[in-house]
Each structure stands twice: as structure tokens, then as C-alpha cells.
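Reviewing the structure listed below.
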Amino acid sequence: MFRSITMTAVAALMAAPAFADGVTYGRLSYDFSDYDADASGEFDVRLLQGDVEYEISQFLLTGQIANSAVNGDNVGTGYGASAAYKFAPGVLAGLGLFAFDPEIGDTTNGFEAFGQYETAQFGVAVNISQADFDEDNITTTFYGEAAIAPAVSVGTILSTESEFDGTAYKLIAEYNEGPIQARSTIDSNSEFDGGVFGVRGTYDITPQIRAAAVYQTTYGDDFVEADVFTIGGGYQLVDGLWFDASYGVINDETIADEVVHLQASLTFETGSRQRLDSRFSQDAIDDQLAGFGLGF
């Protein structure tokens, strides 16, 4: 299944030039992470993601696919599709359906309703979703960002679930000027004492070569003490296609020794996302991949 999904995604991107006039954004990425600890053994996590946005008249159509595997064994595949209408410049609203097909167990199906307003200085969005039609849980997520200086922006994600107490939140600050791109985040929940603080950034040595570094750490009484530091770099193979690799060490008080985290990724990206909630969600996944990783 994993191989067929990969070939389908690649074929879709190869076919993109045939309707390039309507494609506003496209992404295909593959991430491989290997974790090695003397005490707890070795395992790897693989993640394939594909995303496309297509504009026709006042409508924006989107499609997503994601597949994950652990030690080469398929975990499951997620699919999503949505349609939105542009009511005015910067105003967008729509509906979507998605499904998750696990290797073991039954497929779950859900829906989303979303809307946003965006200008050059700020943007806000809301997404209301139900991950499983067989469950009553409704998730409401708010996204917001604002430019506070020419090279500095701040943002937040606030998420609540109808079946659970507390509000999950993410605070974001970004700097982007010249060869430097930096991002600082705090992830937590109003019900917890503590959270995860992280900072990651890249420096463009040349237009085709970049250096990267990441630091993440937990804080507060409700979180196990853990931190990770990684260094790496990337090379642009062709326009829009980057190969990145990194070496990291994860320290966690629940394990007997350090965990070595080796990561390699291949990412093709073109255009600019119009859905604000999708961009925030992808950035959050990238935060996790760059730091502790999906394996933790």
C-alpha cells in the first residue's frame, strides 16, 4: 500500500503542469526518522505527505494524503478533500471530508467546516471538525497571526474538544529576513502545568545550501523532563525540491540513556497555501518532525 500511495502522489505532481494555471500550491514530502538507544533499542518512523490546492473561478479545491509506517510496517493512511468559496478578497469559507484507514481496525470518516479572513498585516481562521462520525466529539480550532514588524510575526492556535476539558494552545513567533529564518513555539494545554518550548531556524549559506539547528525542551511539573538538540543542513536539488538531513540527541529522564535521532527528508513545494488553517497545521507537524520527532 505504501508504495502504491507514493507512486500515486508522484504521478499527481508530474501531471500538475497539465493544469498548472489553476494550481496555487503543491507539496509532496517524505520523511525518514531513525531512533537508536542502547537501552530501548532502535526503530524508525516514515511519513509521506501530499497536498494540493487548485483554484477555479471563485472556488478553491484542496486534496491531502498522508501515510505513516513504523519499522517498514504500514500504520495507516489519511485522506482529505475540501471545497471553498472566495466571497471577497481575503474571505474564504468551505467544507471538507476526510478519512483515516488504519492497517489494523476500521476506517473512520469525518468532516470539517472552515473559514478565514486574511490581509497583508494579519489573518484569522476557524475550523470546526468531527474526526469520526460515530463519535460525538467536536473540535473547534482558532488560528491567528499578525505582522508586528517587517521581519517579525506572531501567531497562535487555540483548540477545544467538546468531550474534554481544557484548551490546547500553541504560541508562535517568527523572524524572516535575508538568509535567516527562525521560529519559536510554546505548546501546552490550559489543564497542564508546563508544556514544550522549541526554537528552530535555518541560515542560507547560498541559494542552494542551508544550515539548520533545533532545540526543544519540556517545562513544568506535569511534563517529564526531556530535551533535544539537532543540527543539520539542506541542499536544493532543483527549483522547489530540497533534501535535508540532521543529527540529534534526545535526553529523556524516563530512559536509561540518550537517544540518537537521525532524520532525512525530501520535500517538493511550489506556490503558496491559501488555506490558513492548513498552513498552521503543516508548520506544527514540521515543528514535531524537526525536534522530538513523531516517534516521541
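When restricted to residues that are acidic (Asp, Glu) and either within 20 Å of Tyr143 (Cβ to Cβ) or surrounded by 13 or more Cβ atoms within 10 Å (Cβ to Cβ) (or both), the range 79-107 contains 2. Scanning the range 169-180 for residues that are open to solvent by 40 Å² or more (accessible area, probe 1.4 Å) and within 27 Å of Phe114 (Cβ to Cβ) gives Tyr169, Leu171, Ala173, Glu174, Asn176.
Only one of Gly248, Gly240, Gly198 is more than 21 Å from Ser278 (Cα to Cα) and not polar (S, T, N, Q); which?
Values: Gly240 fails: more than 21 Å from Ser278 (Cα to Cα); Gly198 fails: more than 21 Å from Ser278 (Cα to Cα).
Going through Gly248, Gly240, Gly198 in turn, just one is more than 21 Å from Ser278 (Cα to Cα) and not polar (S, T, N, Q): Gly248.
As a summary of the residue check, Val224 satisfies the conditions (1) of a type in the set (A, V, I, L, M); (2) surrounded by fewer than 16 Cβ atoms within 10 Å (Cβ to Cβ); (3) in a strand (DSSP E or B) except for the one numbered (3).
Test Gly76 against the stated conditions and say whether it is more than 23 Å from Thr270 (Cα to Cα), open to solvent by less than 20 Å² (accessible area, probe 1.4 Å) and at pLDDT 95 or above. Yes: the conditions hold for Gly76. Checked against the criterion of being out of contact with any Pro (no Cβ under 6 Å at 6 or more places or on another chain), more than 22 Å from Ala66 (Cβ to Cβ) and open to solvent by 70 Å² or more (accessible area, probe 1.4 Å), the candidates Asp257, Asp193, Asp252 yield just one match: Asp193.
Restricting to the range 225-238, give me the number of residues that are more than 16 Å from Gly295 (Cβ to Cβ) and at pLDDT 95 or above. Even if it seems obvious, please write down each step before you answer.
Within the range 225-238, the first condition is being more than 16 Å from Gly295 (Cβ to Cβ), and the residues that meet it are 225, 229, 231-238.
Next, from what is left, pick out any that are at pLDDT 95 or above: 229, 231-238.
Summing the residues that are more than 16 Å from Gly295 (Cβ to Cβ) and at pLDDT 95 or above in the range 225-238 gives 9.
Among the residues of the range 282-290, is any among the β-branched types (Val, Ile, Thr) and either part of a strand (DSSP E or B) or over 30 Å from Gln58 (Cβ atoms) (or both)? No, the range 282-290 contains no residue that is among the β-branched types (Val, Ile, Thr) and either part of a strand (DSSP E or B) or over 30 Å from Gln58 (Cβ atoms) (or both). Condition check: modelled with pLDDT under 95 and in a strand (DSSP E or B). Does Ile250 satisfy that? When the stated conditions are applied, Ile250 passes them.
So is Asp221 over 19 Å from the mean Cα position of the chain (by Cα) and more than 28 Å from Pro150 (Cα to Cα) or not? Spell out how you get there, then give the answer.
Details: over 19 Å from the mean Cα position of the chain (by Cα): yes; more than 28 Å from Pro150 (Cα to Cα): yes.
So Asp221 fits the description; yes.
Would you pick out the residues in the range 50-61 that are part of a strand (DSSP E or B) and surrounded by fewer than 20 Cβ atoms within 10 Å (Cβ to Cβ)? Tyr54, Glu55, Ile56, Phe59, Leu61 - these are the residues of the range 50-61 that are part of a strand (DSSP E or B) and surrounded by fewer than 20 Cβ atoms within 10 Å (Cβ to Cβ).
I'm trying to understand the selection: among the residues of the range 202-221, which are in a strand (DSSP E or B) and in contact with a Phe, Trp or Tyr (Cβ under 9 Å, 6 or more places away or on another chain)? Quick ask: steps written out before the conclusion?
The first filter runs over the range 202-221 and keeps only residues in a strand (DSSP E or B), leaving 202-206, 209-219.
Within the range 202-221, Ile209, Arg210, Ala211, Ala212, Ala213, Val214, Tyr215, Gln216, Thr217, Thr218, Tyr219 qualify.
Residues of the range 228-246 that are more than 20 Å from the chain's Cα centre (by Cα) and either among the β-branched types (Val, Ile, Thr) or in a strand (DSSP E or B) (or both): Tyr235, Gln236, Leu237, Val238. The lone criterion from (1) touching a residue at least 24 places away in the same chain (Cβ under 8 Å); (2) of a type outside the set (A, V, I, L, M); (3) under 27 Å from Ser265 (Cα atoms); (4) surrounded by 17 or more Cβ atoms within 10 Å (Cβ to Cβ) left unmet by Ser153 is number (1).
Just to verify a result, which residue in the range 20-40, among those that are open to solvent by less than 60 Å² (accessible area, probe 1.4 Å) and more than 23 Å from Ala290 (Cβ to Cβ), is modelled with the lowest pLDDT? First the steps, then the outcome.
Of all residues in the range 20-40, those open to solvent by less than 60 Å² (accessible area, probe 1.4 Å) come to 20, 22-29, 31, 33-35, 37.
If we keep only those that are more than 23 Å from Ala290 (Cβ to Cβ) as well, we get 20, 22-24.
On the way: Ala20: 59, Gly22: 87, Val23: 92, Thr24: 94.
Here the answer is Ala20.
The values are calculated or read from the model by the stated rules, or taken from the named source; none is laboratory data. Quick caveat: nothing in here was measured; it's all calculated off a predicted structure. Don't worry about glycine lacking a Cβ; one is built from the backbone with ideal geometry, like all the others, and counts go over all protein chains shown. Surface accessibility is based on the protein's heavy atoms, side chains included, excluding ligands, DNA and RNA. Shrake-Rupley method; radii C 1.70, N 1.55, O 1.52, S 1.80 Å.
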